[in-house]
Amino acid sequence: MKKLLRPRILIFDVDGVLVDVRGTYWRSALETVRYITGKRVTYAELHRWKSKPGFNDDWNMVSAWVSALGHPTSYEEARATFEKFYWGSSGKPGNVRNEKLMVTPRQIEKWAQRFELNLFTGRTRQEFSFTFERWPATRYFRTIVTMDDAKKKPHPEGLYKILGQRDSSTALYLGDNIDDALAALAADMPFMAIIAPDEEGYRQRASRFRELGALALLARATDLNAWLK
């Protein structure tokens, strides 16, 4: 399989691929559920919800989660509460301050010397810009598609916007969510999943990624290098 992998275009998801979001999005989701329901929920429960199709959007996931716990909450209500924890409120810093990039600018530059680089993220443009407008490596990405620019994953519109009229087989998409895999499958595009062996629910998620045609399961984005030599 490695010998057959010759992409010209690399497309990256952001959260869980380039950025560690455990202390930002995941923490904000847990705090939102606890705030609305009064119940103490866990990361294990969060991963079970994130593994369901359609929940790459954390606001949608939180709305469904708290509603399932007996507190019917609309998407808009879930989003408003979530954003208080994510961005901060009443003078208290938000969880966004905990964001950590997992790939170095030097590594991005090396990939850019060999491939066209693009991003397809479920973030809003505002969320993306907060972190990436100050990151030196952002300039190496040709096209950046956020949730403000295309239909939400698992819809493949974002991948189509990046590809244009080009053959999907010339690209490779890297993501960490089931919705990423579903989008790649719908676009008939090769896909690799980012999932570390020590993650919660690894076996179930890994099995689902394989069912959806993932070419490989990578512990981190930089493990891609072993496939591109």
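The values are calculated or read from the model by the stated rules, or taken from the named source; none is laboratory data. Quick caveat, the model's predicted, so the values are computed rather than measured. Side chains included, ligands, DNA and RNA excluded: accessible areas come from the protein's heavy atoms. Shrake-Rupley method; radii C 1.70, N 1.55, O 1.52, S 1.80 Å.
Annotation: per residue accessible area for segment 69-176 equals 53 Å², rounded to a whole number [probe 1.4 Å, protein chains only]. Of the accessible area of segment 2-68, computed with a 1.4 Å probe over protein heavy atoms only, carbon and sulfur atoms account for 51 percent. Would you give the gap between the C-alpha center of segment 9-31 and the C-alpha center of segment 178-217, rounded to a whole Å? So the separation of the two Cα centres works out to 15 Å.
With Rh defined as the Kirkwood radius, the inverse of the mean 1/r over Cα pairs, the Rg/Rh of segment 67-125 is 1.17. Residue by residue, segment 22-35 carries 3J(HN,Hα) couplings of 4, x, 10, 5, 5, 5, 5, 5, 4, 5, 5, 4, 5, 5 Hz when phi is fed to the Karplus relation 6.51 cos²θ - 1.76 cosθ + 1.60 (θ = phi - 60°); x denotes Gly or Pro. In order along segment 79-92, the phi-based Karplus estimate (6.51 cos²θ - 1.76 cosθ + 1.60, θ = phi - 60°) of 3J(HN,Hα) comes to 5, 4, 5, 4, 5, 5, 6, 6, 8, x, 7, 6, x, 8 Hz; Gly and Pro are listed as x. The fraction of Cα-Cα pairs per 5 angstrom bin, counted from 0 for segment 1-136, comes to 2, 9, 17, 21, 16, 12, 10, 6, 4, 2, 0 percent, rounded to whole percents. Applying the Karplus relation 6.51 cos²θ - 1.76 cosθ + 1.60 with θ = phi - 60° to segment 57-71 yields 3J(HN,Hα) values of 7, 4, 5, 5, 4, 5, 4, 5, 5, 5, 5, 5, 8, x, 10 Hz, where x marks Gly and Pro.
Computed with every protein chain present, the accessible area of Arg79 is close to 90 Å² [probe 1.4 Å].
Under 5 Å between amide hydrogens, built in the peptide plane, is the criterion, and for Phe191 it picks out Tyr173, Leu215 among residues at least 5 positions away or on other chains.
Only protein heavy atoms count here; under a 1.4 Å probe, Lys92 has an accessible surface of about 150 Å².
Pairs from the table (Lys39/Lys92; Lys52/Lys92; Lys52/Lys153) lying more than 24 angstrom apart at Cα are Lys52/Lys92. Remark: C-alpha extents of segment 75-168 on the principal axes read 47, 31, 16 Å, sorted largest to smallest. Look at [x] 17.0, 50; [y] 17.3, 55; [z] 25.6, 81: the one that is Rg and Dmax of the Cα atoms in Å derived from this structure is [y]. Annotation: amide H-H contacts under 5 Å for Gly122 (H modelled 1.01 Å from N, sequence separation of 5 or more, or interchain): Val14, Asp15.
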